[in-house]
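What follows is one structure encoded as C-alpha cells, with my remarks underneath.
The values are calculated or read from the model by the stated rules, or taken from the named source; none is laboratory data. Given the structure is predicted, the values throughout are model-derived calculations rather than measurements. FYI the Cβ positions are ideal-geometry reconstructions off the backbone, even for glycines, and counts take in every protein chain you see. SASA here: full protein model, heavy atoms, side chains in, ligands and nucleic acids out. Shrake-Rupley method; radii C 1.70, N 1.55, O 1.52, S 1.80 Å.
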Amino acid sequence: MRIVFPDSSSKEFEAGTTGLEIASDISRGLAKQALLVRFNGRLLDLEEPLEEDGNLEILTFQEDEGRDALRHSCAHLMAGAVQKLFPGTILGIGPSIEDGFYYDMQIPDFPGISAFEAISAEMERQVKEDIPFIRIEMDCDEAVELFRSRGEDYKLELLEEIRDKGEVISVYRHGDFVDLCRGPHVPSTGYLRHFRLLSTAGAYWRGDENNPMLTRIYGTVFDTAKHLQQHLDMLEEARKRDHRKLGPELGLFAMGGDGGPGLAYWLPAGTVVREELEDLWKKAHVKAGYQLVRTPHIAPVELWKTSGHNDYYRENMYFLEVDKGEYALKPMNCPGHIIIYKNSRRSYRELPIRLAELGVVYRYEKSGVLHGLMRVRGFTVDDGHIFCSEDQIVDEIKGVVRFALYFLRIFDFGYRIELSMMDRENTGKYAGIPDEWEKVEAALGRALEDMGEEYTPVPGEAVFYGPKIDIKLRDALGRYWQGPTIQFDFNIPQRFNLTYVGDDGREHRVYMVHRALFGSVERFIGNLIEHYAGNLPGWLAPRQAVILPITESQLGRAEEIGRIVSEAGLRNYVDGRSETVGYRIREAETGKVPYMLIVGEREAASGEVSLRVHGEGDRGTMPLEEALEIVMAGCRRPELPE
RNA sequence: GCCGAUGUAGCUCAGCUGGUAGAGCAACUGAUUCGUAAUCAGUAGGUCCGCGGUUCAAAUCCGCGCAUCGGCUCCA
C-alpha cells in the first residue's frame, strides 16, 4: 500500500503495517513521540494495522489530537485506579479538557483529596507495568451485556443513546479496567508518566441538576516532566496573581465578612484606580459621540414588566416595597436609557443616539457562583445603548468594535472575536423575525470583515433577543476572559414601541444595540490586577511615587520634593519613618509603587535625586527635573481615541 | 442552590489521640540616622467563624447555620 505523508512525500508499505511501525521507519525520535495517527481523515490508534493506500499524519503531543489522546488515556488510567481502590465505583464520563482531563464517577465512601496520594501511587504502579490499552469492537448488545455485568449503569444509559446511531461500539481495556470509548488511545499506560491529580468537585450526571451528583476528579498529564512542571508553575503563577489575594493586599478593595457576600467595598487606593479608569472611560465616550446619562437604582416593577425582565429575569432581581407599590433594584440599565430615549419624539436627524452610563446594577447570584470581583451581586456596567436606523447599523458596529479594541490595546490585552448567531433549526425561540436576524447577522459579519478582524461564527449561541459580538480578552498568562460585548436587540424596541420619525414623516422602529466594553468595572479591574500581577500601569497606580530621605536630616528636602511632585500632578508620599532605607525600599517594592525618589546628603546638596524604578532597580542619581520627566512619562494617561 | 474542602491574632500558619492557645511578619512604644528588597528591644493584640449538644473539661468530638475556596448548575 502507498502511504502519503503531510509533506506529500510517499512510501510503499506492506498492508497491515501499523502507524507506529511507519513512524519507526521514519525516525526513532518520531516513533518515541508518536501518540496516534490520522489516516485518511480518521484518528486511529498507533497500533491499528493500516490496510489501504492513504494519507497518514503521525500525531504527537504537539498536536491537539495528540494531547487529547494522552489526556483521555490518563482519565482511563485514573478511573481504573479509583475502581481498584474503591470497589463499587461506577463510571460516568471522563473526557480530556483544555489543559487536562477529568473523570466523573460515583465513588462509594470517597474521602476527598486525601485519597489522591493512594490513587496517584496506584496510577504510577500501572504506568510502570506499561499495560497496553486494547481496543475491542463489538455490537451494541454485547456492550450492554458487558457493562451490565460490571454494574455500569451510566454506561448503559449512554449505550442506549448510541444504539440508534447504529455505529460500531468500541471499548478500551487496560488490565481489569474496561470503558466504553470511541478512542483513540495511546498504546499503553507507560506513556502516562507525567501526570498530576489536581482537584476534586461535584458534578451532576450529564450536567443536570435533577440527576445524581458524581465525584469529579481533575488531573492533567504532559509528554515530558518539563512540560508538566511548566504547567504547574503557570498554575502557581496564576495563584499568586489572584486578584482576590492581591486586591486586599494592595489595599484596593475588601470583600466578604460583615460587608455581605458578593459585594465589593472600594478602599481609598482602589477608588483611585476606579476613578482614573472611569475618568478615561467618560472622556473617551464623550469623544466617541456618546452622551452621558444617569438613571436611578430602583424603578417601579411596571417598568420591568414592560421590559420583560420581571418575567424572564425575576429570579435574579431584588424587590422592595415603596408606598405599597412594588419596586425593583435595577439588574440592567437598558430600561432606564429607554425612558431617556422616549423622553422626546425622536427624528431621523438625531440618529444615531448613543447613551452611556457607568450604571450600578444588582443581581441575585446563587451563593456558589460568587467569585471575587469576577462574579458579584452588585457591580457597575459600563453600559451604552445605541439607537439607530437600519442603514446606520454597519457603521455603528464598526465604531463600537474599534472603540472596544482601543481599550484592549491600552492594556495590552490580546483578543478573540466571536459572532453569536441564531440557531437556524429552532427559530421559534427568538424575538424578531428571521429575515431581520439574517440581515443583522450579515451586517455584523460585514462590519468585522471590513475592519479586517477575524472572527469565529458561533451558530446557536445568540441570546433570544438578538445576535451579538463577543470579544474575549486574553491576559498575560494566556487565559481568556469575557470582554467587550455588543448585542443587538430586536425585542426591547418592540416592547417599548421605540420609534423615530423618518424623512418620510412616518414612524419607524428604531434599531437598538447594547454594548459594554469593560463589561463590569469591577470584573475588569480584577482582570487588570491578574494581567499585571498587581503592577498596574503608572497612570492607574494608587501611589505613583514615594520620596525616601536617607536620614532624618533630609526630611525637609524630601517634603519639598513631595510638593514639587504633587504640583506635577503625581500621587506621591514621603516615607520618612525611622526605618532603614532598605526596609522602606522593600516596603515600596512589595507595595508596587512604580517610582522611588531617594534623597540623601549628596542629593540634597546638589538638587538631585536617586531614582529607583519598581521591578527594575536603581537608575542612579540625576537632577530632580530629569527624574520627574521619567516619572511623568511613566504615569502619562493614555491618549483618547482617534 | 448542589457536591467537596477550608475557617485559630491584621497576614501566613503551628497547636499529637479532648486538659483551657503559640510563632513569624504587620501594628504600637522606645532606641537607632542608616545609601537601594527586612536595625534592635519592648508592648499590646484572640467570642479558636457562629449557635447548640456530648463531657468534670471542647480550638479539638457531634449537629445545625454562616462565610470562603474548587467545581457543577445558572449566566438577559
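Tabulated results
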| read-out | value |
| --- | --- |
| GluC sites (Glu not before Pro) within segment A:452-536: DSSP coil, no more than 10 neighbouring Cβ in 10 Å | A:GLU454 |
| Partners for A:LYS32 among lysines (Cα-Cα distance below 29 Å; same-chain residues under 8 apart left out) | A:LYS11, A:LYS128, A:LYS226 |
| Mean accessible surface per residue for segment A:292-346, computed with a 1.4 Å probe while every protein chain stays in place, in Å² | 57 |
| Residue among A:ALA516, A:ASN343, A:GLY478 farthest towards the positive dipole end of segment A:253-531, charges placed on Cβ | A:ASN343 |
| Number of Lys pairs (Cα under 21 Å; 8 or more positions apart or on different chains) in segment A:253-531 | 15 |
| Additional length obtainable on full extension of the chain from A:ASP503 to A:VAL458, 0.36 nm per residue less Cα span | 12.5 nm |
| Accessible carbon and sulfur surface of segment A:545-634 relative to its total accessible area, %, 1.4 Å | 47 |
| Accessible surface of segment A:253-531 [probe 1.4 Å, protein heavy atoms]: carbon and sulfur percent | 48 |
| Nitroxide proxy distance, nm - points 7 Å out along Cα→Cβ at A:ASP412 and A:ASN535 | 0.8 |
| Residues of segment A:65-240: accessible area per residue with a 1.4 Å probe, Å² | 49 |
| Rounded to 5, percent antiparallel among DSSP beta bridges of chain A | 85 |
| Euclidean distance of C-alpha centroids, segment A:319-387 and segment A:1-61, integer Å | 58 |
| Bridge type composition, segment A:545-634 - antiparallel percent by DSSP, nearest 5 | 55 |
| Per residue, in Å², the accessible surface of segment A:451-521 once ligands and nucleic acids are set aside, probe 1.4 Å | 40 |
| Sites matching chymotrypsin sites (Phe, Trp or Tyr not before Pro) across segment A:273-340 that sit in DSSP coil, with at most 16 neighbouring C-beta atoms within 10 Å | A:TYR313, A:TYR318 |
| Net length gained if the chain between A:LYS429 and A:ARG163 were fully extended (0.36 nm per residue, minus Cα distance) | 92.8 nm |
| Nearest-0.05 FRET efficiency for A:ARG402 and A:ILE564, computed from C-beta distance (R0 41 Å) | 0.55 |
| Apportionment of accessible area to carbon and sulfur, segment A:20-84, percent (1.4 Å) | 41 |
| Pairwise centroid distance, computed over Cα atoms, of segment A:119-157 with segment A:257-306, Å | 54 |
| Label point distance in nm, A:SER8-A:ASP395, each placed 7 Å from Cα along Cα→Cβ | 4.7 |
| Estimated FRET transfer efficiency (A:LEU555, A:GLU616; beta-carbon r; R0 22 Å; 0.05) | 0.25 |
| Loop sites in segment A:307-351: trypsin sites (Lys or Arg not before Pro), DSSP, at most 14 other Cβ within 10 Å | A:LYS324, A:LYS342, A:ARG345 |
| Overall form of chain A per C-alpha gyration tensor (a/c, 1.5; a/b vs b/c) | oblate |
| Packing-based ranking, highest mean first, of A:611-621, A:540-550, A:5-15 given that Cβ atoms within 10 Å are counted | A:540-550, A:611-621, A:5-15 |
| Burial ranking of peptide ranges A:431-438, A:365-372 (average Cβ count within 10 Å, highest at the top) | A:431-438, A:365-372 |
| Label-point separation in nm, A:GLU625 to A:LEU156, each point 7 Å along Cα→Cβ | 8.8 |
| Theoretical FRET efficiency, 1/(1+(r/R0)^6), r = Cβ-Cβ of A:ALA121 and A:ASP233, R0 22 Å, to 0.05 | 0.40 |
| Potential lengthening between A:LYS240 and A:TYR573 on full extension [0.36 nm per residue; Cα-Cα distance subtracted] | 117.2 nm |
